[in-house]
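In what follows, a structure is listed as structure tokens, so that the remarks can point back to it.
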Amino acid sequence: MDGKTALLVIDMQNDFCEGGALAVDGATSIVPVVNSLIAGYDHVILTQDWHPAGHSSFASQHEGKAPFETVARPYGEQTLWPDHCLQGSEGAAFHAGLEWTKTELVLRKGFRAEIDSYSAFRENDRQTPTGLAFYLRERQITDLVLCGLAFDYCVAWSALDARRYGFSARVVEQATASIDLDGSKGRMRQAMEEAGVTFA
Ligand code: VGL
Ligand code: ZN
């Protein structure tokens, strides 16, 4: 039986849009593009970055550290961010213009204080699963189309993991925006290409 396709919309939340705590350049302008993608797919899944106060990825938790610097964590190097996407906050809410009513699953991630989670599949320790891979398999979804924020972090890590778990992955670049920290945009695009991710 042929598998089904799902659209995975990554982290289209206020804090990543204009005026948000971790605003990504160009994020707000992709909202209509994402909406037209949502309209075109039978199965839509959203992710929602969802951090408790004092999350270990926040620079505010590390003395002498500023946002966008890195810190060594038990699971490896972690980039530090401004406090963002606090559980239940307006910053963690989806952008008001996002037409997400038809969404079948909202997958929250990053809710463990000690581990960040860029990928929709596995947290940054690369071991703790979110449950998404089994959810997709049980629903006979084999192909993923990805969009959202940020291209070079949560979209890229999700697309790379999608390939590792055996799903096809296609990123709709014009429905993404990048943080581009120290060349992360080009680096992650190349890593995706090498992993067999395709681009629309
Ligand atoms: C993201 C940094 C921190 C993302 C989430 O959605 O790309 N980036 N948390
Ligand atoms: Zn986050």
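Bear in mind these aren't lab numbers, they're just calculated from the coordinates by the rules spelled out. In this text, all values refer to a predicted model and were calculated from it rather than measured experimentally. Glycine gets a Cβ as well: all are built from the backbone with ideal geometry, and neighbour counts include every protein chain shown.
Using a/c under 1.5 as the rounded threshold, could you call the range 113-200 rounded, prolate or oblate? The axes a ≥ b ≥ c are square roots of the C-alpha gyration tensor eigenvalues, and prolate needs a/b larger than b/c, oblate otherwise. Oblate is the answer for the range 113-200, as a/c is 1.5 or above yet b/c matches or exceeds a/b.
Roughly how big is the range 35-88's charge dipole about its Cα centre, with Cβ charges of +1 (Lys, Arg) and -1 (Asp, Glu), in debye to the nearest 20?
Details: 2 positive and 6 negative charges, 12 e Å.
In total the dipole reaches around 60 debye.
Largest first, the three principal axis extents of the alpha carbons in the range 64-180 are 47, 33, 27 Å in whole numbers. Between the range 67-139 and the range 10-56, the alpha-carbon centres lie 11 Å apart. For Lys65, the aspartates and glutamates whose Cα falls under 15 Å of its own Cα, not counting residues fewer than eight places away in the same chain, are Glu77, Asp83.
Along the charge dipole of the range 1-152, Cβ charges K/R +1 and D/E -1, which of Phe151, Gln140, Leu7 sits furthest on the positive end? The residue sitting most towards the positive pole is Gln140.
Rounded, prolate or oblate: which one fits the range 1-51, using the alpha carbon gyration tensor with axes a ≥ b ≥ c (rounded when a/c is under 1.5, else prolate when a/b beats b/c, else oblate)? Oblate, because a/c is 1.5 or more while a/b does not exceed b/c.
Determine the gain in length on full extension of the stretch Arg139-Ala113; use 0.36 nm per residue of separation and subtract their C-alpha separation, reporting nm with one decimal.
Numbers: separation 26, 0.36 × 26 = 9.36 nm, distance 3.00 nm.
Once the chain is fully extended between Arg139 and Ala113, it gains 6.4 nm.
Can you compute the label reach from Ser60? Point 7 Å from Cα along the Cβ direction, backbone N cut-off under 16 Å, restricted to the range 76-112. Label zone hits: 80-93.
The Rg/Rh ratio of the range 25-73, with both radii computed over alpha carbons and Rh defined as the Kirkwood radius, is 1.18. Counting beta carbons within 10 Å around each of His43, His62 and listing the fewest first gives the order His62, His43. The shape of the range 36-109 can be summarised by an equivalent ellipsoid whose semi-axes, obtained from the alpha carbon gyration tensor, come to 31, 13, 10 Å from longest to shortest.
Over the Cα atoms of the range 1-85, compute the convex hull volume and normalise it per residue, giving Å³.
On the way: hull volume 11.6 nm³, N = 85.
Convex hull of Cα atoms, per residue: 137 Å³.
Each principal axis of the Cα cloud of the chain was taken in turn, and the coordinate range along them, longest first, works out to 54, 33, 30 Å.
In a reduced charge model with +1 at each Lys and Arg Cβ and -1 at each Asp and Glu Cβ, the chain shows a dipole moment near 560 debye about its Cα centre.
Sorted by average packing, counted as other Cβ atoms within 10 angstrom per residue and highest first, what order do 63-72, 26-35 take?
Numbers: 63-72: 11.2, 26-35: 18.2.
Per-residue Cβ counts within 10 Å, averaged per peptide and sorted highest first, yield 26-35, 63-72.
Restricting the calculation to Cα atoms, the range 145-188 yields a radius of gyration followed by a Dmax of 10.0, 30 Å. Looking at the chain, the DSSP beta bridges with both ends there are about 20 percent antiparallel.
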